[in-house]
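Visitor: Structure incoming, see below.
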Amino acid sequence: MNSLLEHPVLVLNRFWQPIQTCNARRALHLLCAGHARVVQTDDGDEQFQTHDLGSWIVHSRCAGGDRFIHTVTLALRVPSVIVLGLYDKIPRQEVKFTRRNVFLRDQFTCQYCARSLPEPMLNLDHVIPRQKGGRTTWDNIVTSCIRCNTRKANKLPHEANMHPLNHPVAPRWRPLFGVRESGFGDASWNHFLGADTRMSA
């Protein structure tokens, strides 16, 4: 059940624009508190109907699928999309600088040899080494394989004759950063991704 509670859920503002993702645990909390409604994503006449907690419990009784959270008295379907009742903004945010987000930006591909590798075989490289004034920022860090990282060592790109495939920049924030790139998400989200595409263009 814990893995289902971590399942990603798309969050829409009250204008049905995607603003972020959260896990199912948070989505169900918002539903129980009355701050959000679940969007029914099944194909059919009732597609896009919204549910409060009571009607979602009823819907869960006759719904198919395999993502259910079971309690002593009921089985509750894990939602795919929720819509907030009052929130009408699209938050301006920056993508947090983390090791994994650098890998996501660079698509888990070494920026020197162009090999796509599993995360344990990747490292971060300072394009301009720290010993030569380089900072640990989006525009100076790239994904590298361990072999290329060792080969470049503390040299400048022209000294090592190793230049990144792509100029490193901070990725533009969008609601689904890190979700689509990781291969997570839900096919039902595609109905709502037009707004996300425009925002990230």
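Any read-out appearing in this document is the output of simple, stated calculations on the displayed coordinates, not a laboratory observation. Note that the coordinates shown come from a computational prediction; the quantities given were computed from them, not determined experimentally. Ideal geometry is used to build each Cβ from the backbone, glycine not excepted, and the neighbour counts take in all protein chains shown.
Visitor: Can you order the peptides 126-136, 63-73 by their average number of other Cβ atoms within 10 Å per residue, highest first? Working shown, then result.
Guide: Values: 126-136: 13.3, 63-73: 10.2.
Top of the packing list down: 126-136, 63-73.
Visitor: Roughly how big is the chain's charge dipole about its Cα centre, with Cβ charges of +1 (Lys, Arg) and -1 (Asp, Glu), in debye to the nearest 20? All intermediate terms of the calculation are to be shown ahead of the outcome.
Guide: Numbers: 25 positive and 17 negative charges, 211 e Å.
Here the size comes out at about 1020 debye.
Visitor: In percent, how large is the relative contact order of the chain, given Cα pairs closer than 8 Å and 6 or more residues apart? Intermediate results must be reported in sequence, preceding the final value.
Guide: On the way: 317 pairs, mean separation 42.6, N = 201.
Computed value for the chain: 21 percent relative contact order.
Visitor: In percent, what relative contact order does segment 99-160 have, based on Cα pairs under 8 Å that are 6 or more apart in sequence?
Guide: 34 percent
Visitor: Specify whether the C-alpha gyration tensor of segment 99-160 places it in the rounded, prolate or oblate class, a ≥ b ≥ c being the square roots of the eigenvalues: rounded for a/c under 1.5, otherwise prolate if a/b is larger than b/c and oblate if not.
Guide: Numbers: a/c = 2.16, a/b = 1.39, b/c = 1.56.
Judged from the Cα gyration tensor, segment 99-160 comes out oblate (a/c at least 1.5, b/c at or above a/b).
Visitor: Rounded to the nearest 5, what % of the DSSP beta bridges within segment 1-134 are antiparallel ones?
Guide: Working: 14 of 17 bridges.
Antiparallel bridges make up about 80 percent of those DSSP assigns within segment 1-134.
Visitor: Another one. Can you give me the Rg/Rh ratio for segment 39-124, using Cα atoms for both radii and the Kirkwood formula for Rh?
Guide: Details: Rg = 20.3 Å, Rh = 17.1 Å.
My calculation of the ratio gives 1.19.
Visitor: Compute the acute angle (0 to 90°) between the alpha-carbon long axis of helix 53-62 and the principal axis of greatest extent of the alpha-carbon atoms of the chain; round to the nearest 10°.
Guide: For 53-62 against the chain, the angle is about 90 degrees.
Visitor: What are the semi-axes of the equivalent ellipsoid for the chain, taken as the square roots of 5 times the Cα gyration tensor eigenvalues, largest first, in whole Å?
Guide: On the way: eigenvalues 355, 60, 36 Å².
Whole-Å semi-axes of the equivalent ellipsoid: 42, 17, 13.
Visitor: Do the sum for the chain: with -39,500 (n - 2.57) for every DSSP H run of n ≥ 4, divided by all residues, what is the mean residue ellipticity at 222 nm, to the nearest 500 deg cm²/dmol?
Guide: Values: 7 runs with 49 residues, N = 201.
About -6000 deg cm²/dmol.
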